[in-house]
Amino acid sequence: MFSLNYIIKRVVSAFIVVLGILVLTYILIYFSPGNPAYTWAGRPRGPRAEEAIKAAESELGLDKPLYLQIYIHINRFFKGDWGISLRFKQPVISVITRNLVASLELLIVAFFIAIPLGIFLGVMSALYRGYLVDKVLYTISALFISFPRFWIAILLSVFLQMLGVNLFGRIAPSYMLVIESVSGSYIIDSIISGKAEIFIDALIRILPPAIIVALYPMSLTVRVLRYSLSEKLYEEYVKQAISFGLPRSRVVYRYALRGMVPAISQLHGITFAYSIVDVATVENIFGRDGIGSTIVKAIPYNDYPLIIGLLALTGILFIVVNTISDIIQIVSDPRVRI
Amino acid sequence: MNSRIVEGRLTAFLNLFKISRKFSIGFTIMVIMAILSIIGFFNTPYHLEGWGIVTEETMKRQGLPPCLPFNCPNINHVFGTDDMGRDLFSRILVGAHLALIQTVAIVFISIALGIIMGIAAGYSNMVIEKISTYLIELLIVIPSMVLAAALVTIIGRGIQSVVIALIATWSPWYARLTYILVRQLRELDFIKICEAMGFTKTYTIFRHIIPNVAPIIFVEGITDSGSVLIEIASINFLIGVASLTSIDLPDWGMIVGYGIRYIRTFWWISFFPGLFIALTALGLILLGDGLTEALSPWLRRRWRLWF
Amino acid sequence: MKLKYIPLILVVIIIVAIMGVLYTIPKREVAPTITLPTETKPTPIQPSRKVIVYAYRDAITGIDPSIEFDTGIVVLGNVYEPLLYYDPIKDEFKPALAISWSKVNETAWVFNLRRGVVFHDGTLLTGESVRFSIMRSKLIYEEKGIGPGWIWDSLEDIYVINETAVLFKLRYPAPIPLIASSAYGAFIYSTSVLNYVNTTDIMDEKIRLWFESGRDVGSGPYKIVSYKPESEVILEKFEEWWGWDIVNNTRAPDIVIIKIVEEPAAQELGLLDGSIHIATNVVKANIPRMYKHGYDVVNQTTFHNYILMFNVRRWPTNITEVRKAILYAIPWDSVVDFAFQGFGRSASGIIPFGYPGYVENLKYEYNITKAREILKGLNISNIKLELVIVSGYEEEERFASLLKSSLKQLDIDVDIIALPWEQVKERGVAVWREADKAPHMIINDWWPTYPTPYDYLYILHSNDIEWNWSGYENPEYDELIDNAFQLEGIDYEQSIEMYRRAQEIIFRDAVAISICDSIQPYIYDPEKIVFRNDALNPIYMFVIFFQYIEVIS
């Protein structure tokens, strides 16, 4: 099913995309005003400042022609040397990974909520197309798509806080040092160390933001299923199955829905990338760490090594996600051959 | 194009209102928003700048009601005033044209670029096809918010950074859609006949491909514009203060982002702009949905279109 | 027909279940914090230990004790110690790593070190470590131009006399105790860091990377456990700290979490939630409400002030009378109330209240008619001025809007440009290259490195092309403050008098003026925390000395 050809093609295209990001961003920086060597040298002052900047220039290779600089830049990148964050003075790669893990945790939990719920509600909507259920579901999904998630998050955070629910951050401060960090995700770490109360605490804190992030992919699934499943329900094979006396729900979930899996998987591959915007804003409202807060803190300092690293890494991440969704499509749809 | 066709199109347009309630609701919302934004473009009930305290006297002389910070919504200030005593309704009015112009510009430019890229990828020579496909694949994986942040640090602050970032991330979707449609079209007989008859590719593209592709993409674009609006708002909500040049710029997302600090005491500051974002996006989505359903023959045949 | 209702019921059940889980579990979760220790004994750190979460607004820019010159102090202040502390309110020195010090002659000082001080890695404090840390700071500034090492400009070398005494040899007289109590560049740490990175070169870049990766060799009451500059820093009590007996605080926090929370709304959420115990960045308009909820506020008078600087190389602010007219047009009475919302103290001159060199009554009054007359006399009207401020500072934004509305009465239009700090600096420095591109007015927020008036006044010195955003050049002024600085180590009274004269020159020329001395509120829950008097020191901006915090639980 997965030919070697396909794998090679994927890897090559991922490689080219990453190269593209690197070259593009480097050229943008090259032509942007401001001296990277000055920032790299730590914005030196005093009598020896000129020399320090010169040293940084040769260290960065800024005295070489552009194509050589790009080559050096790419070479460094693949060696894992992504530079030092100007703002945080730590290697870019470690800052990014630990924040991306935090954001991914939220994103994945959100999709675990969104996909089953979205499919369930979407099927309902398609089955009862035209009835009250469908109308309600359509309205809800349209509202959730059109209401800015950060706005819902603000209102929800105020509401839940009034109820006394713990929302802030990723984990209660007293637990922070109790578990050792293995993966960086408190949910996984607490499962590994087998501490139920920490797991519950982390879960309580992740659920409200995750539900908000889940609203968009969920509503989108409902809408897609509503349109295409009701179309499917009128195809001959479904009609025939029903006429054979098979239960309606079984026909829908077993046969009609199976035909929908490729479309759903493709949809979520796409919305995963889109949802990162929601994740970033929602994180900021709930005081969670993650790429949202990192971006907010990095921009005022023009921390371009960090942001370029982030761009490249999120790019790679979405290639991976899209590959997964491709694989699901192949598995579920025998017609797709790659 | 003679008058009968125009007339026919007009009746078809009016028919849309009869067929689809979604379309009529969405259309109404958008017309209201457009009117508001035009009003906001020319005039606002109050000045936009923060007053401080001194100009209170001048304002009294002009007969305007006072603008104190943190006024509850009342008759003088429909949506209340913010922390600097600025009238929120005036700010929202000005924000309306900012939001609409940005959204329309982003969607139109992305569609135009998308169609160009899509046709280049699906209907040209080998080299350009390869380059375009990779370009699409490259742009499609970039998250808009990170790109906006990168552009802010590289080209500098301002609306243009956010707009460019969104164009760069939305156009590949239209390119991909165009590519798929073009691939399907190429298999159809009339294109093959055109090729066989020796028409140039340019002719075929402009005469047959674009007219067949563009409407589908435009309907898609209208539905998407709701998401585009929200994306602009989200980005400005998060990094607006850092990425836009003026703190006075009454961008909706930015007002929400700035007002969130007062949410527990002076809730109206971020509530109303958020509501306007939501309403506008809802209008756009309903408009798009209504159009899709009304124009899709299959759906029209089988279903009475419910709201 | 029944089927129709099932999905609706299911959705309702799911929502109710989620809400139920969210609503009920936190209540169960409060209790375990007390009963937990028995369950989690094997782990190295028990949760029963007193934890404090301190929310700070900016990311930490670095924790190399010799190089860091920005927000890193929030961490460094607890992890490292200088030779001595200076308390500007009582105007007295407090011994830290040095127990006594004396002047041998004009250019030589002897410091006697405290015995038995242990660094966090177990090594002992020696004269060699004092020399190493201070010389590293000085040399890095001299070689690479970064860090706060310039404060040691007067220093020639440090000689280790014996185990517990060091001699500071100076090139010219300087008040070394003041410099040694600087908030930046005066922290002492162990030489063992050289072994850890396996180098002998004091300037080695590897030392810096070693520090920045979240490790420390300080002697302070807390040591770093985990360091994530963008989100949180976790500090743990250092039991062998020499001062625990002196402080005598059995309720000092065992774990301190410095959490970086930029968004004021999120800080408030955390405070209400119980996940943050001390917040620094809650919107000032909300503070009265926090009082009602039972929170308390410590207002710290700081030396952090906002200096409005005029560009004296660009028309029309190059005309002294225009600058004066602008200053007369600012409603100074409402600056504290409106722009700072009560969290400020009306300023005078450039130096903040309580700081050495403060001069009273260098204030302009609000007099709009006088301002109008001046402008009429100069025949200037309908002009547009640029004002650059730092984005994200509520106070500056509000002041800018006040200024704008007020200058409108003089037919002066103000263009407010809010930029991130780095870019504000770029625009400010531009005054020396292209004065016409630099803004007419700019707000520089400033806090001192070590307590000398020179620190504030130097920003108008013509040599200081980095911070003198006015482009002001006045040889008389330069000479005055330079001489005063030289005199500090010899005749302090005389030098303060000279600083006063220098400030009067600035006032006369209306080049720069402090808008307001800011007051920093720390919001906390009095049922959980007690602030002792020594917990805050205005020289150490945003640093809470946690050994003076009591945790009631």
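At q = 0.21 Å⁻¹, what is the base-10 log of I(q)/I(0) for region C:231-278 according to the Debye formula with one equal point scatterer per Cα and no solvent? Please give it to two decimals.
Values returned for q = 0.21 Å⁻¹ are -0.79.
How big is region C:301-519 by the Kirkwood estimate over distinct Cα pairs, in Å? The partial results should precede the final answer.
Values: mean 1/r = 0.0576 Å⁻¹.
The Cα-based Kirkwood calculation yields 17.4 Å.
List C:234, C:89 from most exposed to least, where exposure is judged by having the fewest other Cβ atoms within 10 Å. Write down the numbers at each step before the final one.
Details: C:234 23, C:89 11.
Placing the least packed residue first, the sequence is C:89, C:234.
Can you run phi through the Karplus equation (6.51, -1.76, 1.60; θ = phi - 60°) for region B:22-38 and list ³J(HN,Hα) in whole Hz, with x for Gly and Pro?
4, 4, 5, 5, x, 5, 4, 4, 5, 5, 4, 4, 4, 4, 4, 5, 5
How large is ³J(HN,Hα), in whole Hz, for each residue of region C:59-71 in order, when computed from phi with the Karplus curve 6.51 cos²θ - 1.76 cosθ + 1.60 and θ = phi - 60°, using x for Gly and Pro?
For region C:59-71, the Karplus curve yields 5, 7, 8, x, 10, 7, x, 9, 10, 4, 9, 8, 6 Hz.
State the percent of C-alpha pairs, over all pairs in chain A, separated by a distance greater than 29 angstrom.
Taking all Cα-Cα pairs of chain A, the fraction more than 29 Å apart is 54 percent.
Given H placed 1.01 Å from N in the peptide plane, which residues other than close sequence neighbours of residue C:50 have an amide H under 5 Å from its amide H?
Under 5 Å from the amide H of residue C:50 lie the amide H atoms of C:254, C:255, each far enough along the sequence or on another chain.
What's the FRET efficiency of residue C:226 with residue C:421 using the Cβ-Cβ distance as r and R₀ = 35 Å, to the nearest 0.05?
Using R0 = 35 Å, I get an efficiency of 0.85.
So, in nm, how far is label residue C:429 from label residue B:116 when the simple model puts each one 7 Å beyond its Cα toward the Cβ?
3.9 nm
Taking trypsin sites (Lys or Arg not before Pro) that fall in a DSSP loop and have at most 12 other Cβ atoms within 10 Å as cut points, what is the longest piece of chain A between them?
A:80-334
Which distance in Å, rounded to a whole number, links the C-alpha centroids of region A:75-116 and region B:63-137?
29 Å
Testing the spin-label approximation: label points 7 Å from Cα along Cα→Cβ at residue C:163 and residue B:184. State their distance in nm.
Taking the two extended label points, one gets 8.8 nm.
Given a Förster distance of 60 angstrom, what is the FRET efficiency for residue B:134 paired with residue C:466, based on the Cβ-Cβ distance and rounded to 0.05?
With R0 = 60 Å, the Cβ-Cβ based efficiency is 0.85.
Using only the Cα atoms, what convex hull volume per residue in Å³ does chain C have? The partial results should precede the final answer.
Working: hull volume 112.0 nm³, N = 553.
Per-residue hull volume (Cα only) is 203 Å³.
Per residue and in Å³, how big is the convex hull formed by the alpha-carbon atoms of the protein assembly as shown?
204 Å³
First select every other residue whose beta carbon is under 9 angstrom from the beta carbon of residue A:205; then total the charges, Lys and Arg +1, Asp and Glu -1.
Overall, the nearby charge balance is +1.
Select from chain C the helices, each a whole stretch of DSSP H, whose alpha-carbon atoms run 30 Å or more along the helix axis and whose Kyte-Doolittle mean is at least 1.6; answer none if there are none.
Working: long enough: C:5-30 (38 Å, 1.88).
Correct list, ordered by number: C:5-30.
Could you tell me the center-to-center distance, by alpha carbons, between region C:407-422 and region C:274-319 in angstrom?
So the separation of the two Cα centres works out to 20 Å.
Using the Kyte-Doolittle scale, find the helices of chain A whose mean hydropathy is at least 1.0 and whose Cα atoms extend 27 Å or more along the helix's long axis, counting only whole DSSP H runs.
Answer set is A:4-31, A:92-127, A:304-332.
What distance in nm separates the two pseudo spin-label positions at residue C:370 and residue C:91, each 7 Å out from Cα along the beta-carbon direction?
Taking the simple label geometry, residue C:370 and residue C:91 are separated by 3.0 nm.
Please compute the alpha carbon radius of gyration of region B:21-302, then divide it by the globular-protein estimate 2.2 N^0.38 Å. Two decimals is fine.
Rg over 2.2 N^0.38 Å, computed on Cα atoms: 1.22.
Can you work out the FRET efficiency for the pair residue C:142 and residue A:143, with r the C-beta to C-beta distance and R0 = 60 Å, to the nearest 0.05? Working shown, then result.
Working: r = 63 Å, r/R0 = 1.06.
Given R0 = 60 Å and the Cβ-Cβ separation, E is 0.40.
Long-range amide H contacts for residue C:155: which residues qualify at under 5 Å (H placed 1.01 Å from N, peptide plane, sequence gap of 5 or more or a different chain)?
C:171
Can you list residues whose amide H is under 5 Å from residue C:62's amide H, if they're 5+ apart or on another chain and H is modeled 1.01 Å from N?
Placed amide hydrogens put C:72 under 5 Å from residue C:62.
List the relative contact order of chain B as a percent without decimals, with contacts defined as Cα pairs under 8 Å and 6+ residues apart.
25 percent
May I ask what percent, to the nearest 5, of DSSP beta bridges between residues of the protein assembly as shown are antiparallel?
On the way: 62 of 80 bridges.
Bridges in the protein assembly as shown are about 80 percent antiparallel.
If you bin the C-alpha pair distances of region C:88-205 every 10 Å from 0, what whole percents do you get?
For region C:88-205, the pair-distance distribution reads 13, 44, 35, 7, 0.
Quick note: the coordinates plus some simple rules give every number you see, no bench work behind them. Note that the structure is predicted; figures quoted are calculated from it, not measured. Cβ coordinates were reconstructed from backbone atoms using ideal geometry, including for glycine residues, and neighbour counts include every protein chain displayed.
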